[in-house]
Amino acid sequence: MTAPRQPLPFVTPWTEFFWRSGESGRLRVQECSACSGLIHPPKPVCPSCRGTDLAVREVSGRATLVGWTVSHHYPFPGVPNPYVVATVALEEDPRVRLTTRIVEADADELHLGMRVEVVFQQVEDVWLPLFRPTVEQPEPVPLPEDELPVERIASLVRPMPTTRKYEDDAVLSGIGMSHLGRRLMVDPLSLTVDACREAVADAGLTMDDIDGLSTYPGGGLEHGIGEGGVTAVESALRIRPTWFNGGMETFGPGGSVIAAIQAVSSGLVRHVLCFRTVWLSSNETLVRQGYLQPGGGRIGGDLGWQIPFGATSAAHLLAQTAQRYMHRYGATRETLGWIALNQRANAALNPTAVYRDPLTMDDYLGARLTTTPFGLYDNDVPVDAAIAIVVSAADTAGDLAKPPVRVEAAGTQMIERPEWDQSTSTHEPQVFGPAAHLWTRTDLRPDDVDVALLYDGFTFNCLSWLEGLGFCGIGEAKDFLDGGKNIARDGILPLNTHGGQLSHGRTHGMGLIHEAVVQLRGEGGERQVADARVAAVSSGGLTPSGALLLRSDS
């Protein structure tokens, strides 16, 4: 088998000025002639002033180190572990950040605010702008402020255009989950079908009652995060939907449910079957066995500005964000550890969870590093599984098999910049916008929430949502999480009661909605939160994200 090639960006006539600037040894960046601001990644319009008179500018190549992470776990062709993925802010316009690698430096000597300079590495027809510390190192430069500080995000939420809420028109009527496990080595479509059948039966419906299908991320089989989408499920079940939806540009995995609620509210459908399937665990095995070949083509889109530098995982971007959060607010790895320990304690009471053995803080801190400051237990667990949710018209509630779960509010507004490395520097991107939007659509407040199911692809996702949704103040998670009592099942905010993605398994957010329904129905068994009436659920994880506020029918 030939060795995998180092991934490279897709170079176009309108991006080659950047990717080939190393040929002359001078870094070039797009500039707006109207406001003189630099633009990265390049765009046909200036995001700051919306001007279209654009040019290319040679810059000094000097920058400030505003984030870095030492990658210990993720393979990157041509670059042995450990290596340093970093973010630098350009001297000429610190609003512009480049994802890069740090070279010619000992990772132990790196610190936020240090000065760095560009050094180019040619790979085929691409000159990658890498950075190294400058010889002279004055006092660290203060980290640049975000274009939009998190404290201001709520002020940009748009008011409700009408008093009518589409959320009132729909209920969550059924839930289903396939067998969940590591490396099940079964057809992922079979998992989807199992979960869908269970959800439809749970609602007291038949497949003939289903008139809508909705999924995330849509088609695609070879990547391990889907079974083929709506077309695959329709080919298997022949539902003949009058409305369907699938794709990645939505409010995270929960976006399929939010879209279904909107479709029901519009009168297009009565019962929508939403589904989400993951089989990354088996996918990795099939790649190792040679059945599947990882993609070897050029990379376009936003990922094309990150992956060629070794930022191959969301972890590489989020770990740097966690580092900046710790730097600014004084949190530590123990702060994140309390989230991991809480999820494991809850998983111990859930027979479907992958990891149920006790976890101590010593275990957490002593685990191997994946990409600093994240260790093994900061990462969710790849599994094979499918989750299905049935969204029904609210006026069908009396005909359903079980008391439905009401949709109190949905938060969907995108306010923060969507590019991972240009967005909120101290919290997961796309948290504060949808969170603030959620609370404008309900009279309920954070204190009314009885159980929280918050996205935890990594521990830091969960911390960001705790602050974004207002369960504690910005920068206050260190005190709120200390000791783990506040987020325990008998605490003031029971968190991820099924074990979360960290211990139950990576179901990419749909498992959180499933558990919210279980809790609001009172079906949680040993892990049931007493008198749970209101649940907050978030979905996303470095994607456009969304949040739901659900309540029991009683």
### Which numbered condition S21 fails, given (1) crowded, with 17+ Cβ neighbours inside 10 Å; (2) of a type in the set (S, T, N, Q); (3) within 28 Å of Y325 (Cβ to Cβ)
(3)
### Query
Looking at this structure, is R417 surrounded by fewer than 22 Cβ atoms within 10 Å (Cβ to Cβ), under 30 Å from E145 (Cβ atoms) and either among the polar types (S, T, N, Q) or within 16 Å of the chain's Cα centre (by Cα) (or both)?
yes
### Query
Among (1) modelled with pLDDT under 95; (2) crowded, with 17+ Cβ neighbours inside 10 Å, where does F120 come up short?
(1)
### Query
Any chance the stretch 369-376 includes a residue that's surrounded by fewer than 17 Cβ atoms within 10 Å (Cβ to Cβ) and touching a helix residue (DSSP H, G or I) at 6+ places or on another chain (Cβ under 7 Å)?
no
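Scan G212, G252 and give me the residue that is touching a Phe, Trp or Tyr at 6+ places or on another chain (Cβ under 9 Å), at positive phi and buried (at least 16 other Cβ atoms within 10 Å of the Cβ). Walk me through how you get there before you give the answer.
On the way: G212 fails: at positive phi.
Only one candidate passes the filter, namely G252.
Among what's in the stretch 54-80 and is at pLDDT 95 or above and in a loop (DSSP other than H, G, I, E, B), pick the residue that is nearest to R5 (Cα to Cα).
First, pick out the residues of the stretch 54-80 that are at pLDDT 95 or above: 54-72.
Those still in the list that are in a loop (DSSP other than H, G, I, E, B) too: 59-61, 72.
Values: V59: 30, S60: 31, G61: 27, H72: 19 Å.
Among those that are at pLDDT 95 or above and in a loop (DSSP other than H, G, I, E, B), it is H72.
Is it the case, given these coordinates, that D456 is in contact with a strand residue (DSSP E or B) (Cβ under 7 Å, 6 or more places away or on another chain) and in the same structural domain as M248 (by TED's automatic domain parsing)?
Values: in contact with a strand residue (DSSP E or B) (Cβ under 7 Å, 6 or more places away or on another chain): no; in the same structural domain as M248 (by TED's automatic domain parsing): yes.
Against the criterion (in contact with a strand residue (DSSP E or B) (Cβ under 7 Å, 6 or more places away or on another chain) and in the same structural domain as M248 (by TED's automatic domain parsing)), D456 does not qualify.
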### Query
Consider G176 against the criteria (1) of a type outside the set (D, E, K, R); (2) within 30 Å of W279 (Cα to Cα); (3) not assigned by TED's automatic domain parsing to the domain that holds C274: it satisfies all of them except one. Which criterion is unmet?
(3)
### Query
So, in the stretch 227-247, of the ones that are touching a strand residue (DSSP E or B) at 6+ places or on another chain (Cβ under 6 Å) and in a loop (DSSP other than H, G, I, E, B), which residue ends up surrounded by the most Cβ atoms within 10 Å (Cβ to Cβ)?
E227
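Would you say A86 is in a loop (DSSP other than H, G, I, E, B), of a type in the set (G, A, S), modelled with pLDDT of 95 or more and touching a Lys or Arg at 6+ places or on another chain (Cβ under 8 Å)?
Numbers: in a loop (DSSP other than H, G, I, E, B): no; of a type in the set (G, A, S): yes; modelled with pLDDT of 95 or more: yes; touching a Lys or Arg at 6+ places or on another chain (Cβ under 8 Å): yes.
Spelling it out, it is not the case that A86 is in a loop (DSSP other than H, G, I, E, B), of a type in the set (G, A, S), modelled with pLDDT of 95 or more and touching a Lys or Arg at 6+ places or on another chain (Cβ under 8 Å).
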#### Entry: Checking S281 against (1) part of a helix (DSSP H, G or I); (2) out of contact with any Asp or Glu (no Cβ under 7 Å at 6 or more places or on another chain); (3) among the small types (G, A, S), the condition it does not meet
(2)
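Does the stretch 463-478 hold any residues that are touching a Ser or Thr at 6+ places or on another chain (Cβ under 9 Å) and either on the phi > 0 side of the Ramachandran plot or assigned to a helix (DSSP H, G or I) (or both), and which are they? Before you say what the answer is, go through the steps one by one.
The initial filter retains those residues of the stretch 463-478 that are touching a Ser or Thr at 6+ places or on another chain (Cβ under 9 Å), namely 463-465, 468-469, 474-475, 477-478.
Within the stretch 463-478, L463, S464, W465, G468, G475, A477, K478 qualify.
With the condition kept exactly as written, say whether any residue in the stretch 280-298 is among the β-branched types (V, I, T), under 30 Å from M185 (Cβ atoms), at pLDDT below 90 and surrounded by 19 or more Cβ atoms within 10 Å (Cβ to Cβ). First the steps, then the outcome.
First pass over the stretch 280-298, keeping only residues among the β-branched types (V, I, T): 285, 287.
Keeping just the survivors that are under 30 Å from M185 (Cβ atoms) gives 285, 287.
Now restrict to residues that are at pLDDT below 90: 285, 287.
Filter again for surrounded by 19 or more Cβ atoms within 10 Å (Cβ to Cβ), leaving none.
No: zero hits.
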### Message
Looking at R333, R276, can you tell me which residue is more than 30 Å from V11 (Cβ to Cβ), assigned by TED's automatic domain parsing to the domain that holds L453, within 22 Å of the chain's Cα centre (by Cα) and of a type outside the set (V, I, T)?
### Response
R276
### Output for the stretch 117-150, where each listed residue is of a type in the set (D, E) and assigned to a loop (DSSP other than H, G, I, E, B)
E124, D125, E136, E139, E145, D146, E147
### Task
Determine, yes or no, whether T321 is touching a residue at least 60 places away in the same chain (Cβ under 8 Å), within 29 Å of V84 (Cβ to Cβ), buried (at least 18 other Cβ atoms within 10 Å of the Cβ) and polar (S, T, N, Q).
yes
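The values are calculated or read from the model by the stated rules, or taken from the named source; none is laboratory data. The shown structure was predicted, so the numbers you read here are calculated from the model rather than taken from an experiment. Every residue, glycine as well, gets a Cβ built from its backbone with ideal geometry; the counts of neighbours run over all protein chains shown.
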